[in-house]
Amino acid sequence: MIRYIVDRLEDGLAVCETEDKKQAVFPLKDLPESLKEGDVLQELDGIFSRDVEETNRRREKMKERLMGLFEKR
């Protein structure tokens with residue numbers, strides 16, 4: 001299984017980053033409909049799905065980092 005993080009959505013494409021920081025681009029028509037920037041995708045045998053658990057974990061981690069920046073002031 002391969003994981004991708006959606007960096008941005010533009011012109012009918014999802015620009016993603018792999019876990020080893022390489023860029024990958026996929027047509028939105030081949031991806032889940034409710035896809036948003038920051039979502040984590042899993043690819044298994046050419047089929048993509050959203051990894052909801054990992055997406056939520058990453059968003060919570062980023063929220064904690066952001067809050068930590070404001071608390072230090």
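Bear in mind that the values in this text are calculations on the coordinates, not laboratory data. Predicted model only: the values in this text are computed from it and were never measured. Methodologically, a virtual Cβ is constructed for each residue, glycine included, from the backbone with ideal geometry; neighbour enumeration extends over all protein chains shown.
The alpha carbon convex hull volume per residue for the chain rounds to 102 Å³. Note on Asp11 and Glu60: the model spin-label points, each 7 Å out from Cα along the C-beta direction, lie 3.8 nm apart.
Here the calculated FRET efficiency for Val25 and Glu71, from their Cβ-Cβ distance with R0 = 35 Å, stands at 0.40, rounded to the nearest 0.05. To the nearest 10 degrees, how steeply does helix 52-71 sit against the main Cα axis of the chain, on a 0 to 90 scale? So the helix axis and the longest Cα principal axis differ by about 30 degrees. Lysine pair count for the chain (Cα-Cα distance under 21 Å; residues 8 or more apart in sequence or on different chains): 7.
By the beta-carbon count within 10 Å of each Cβ, the least crowded to most crowded order of Phe70, Phe48, fewest first, is Phe70, Phe48.
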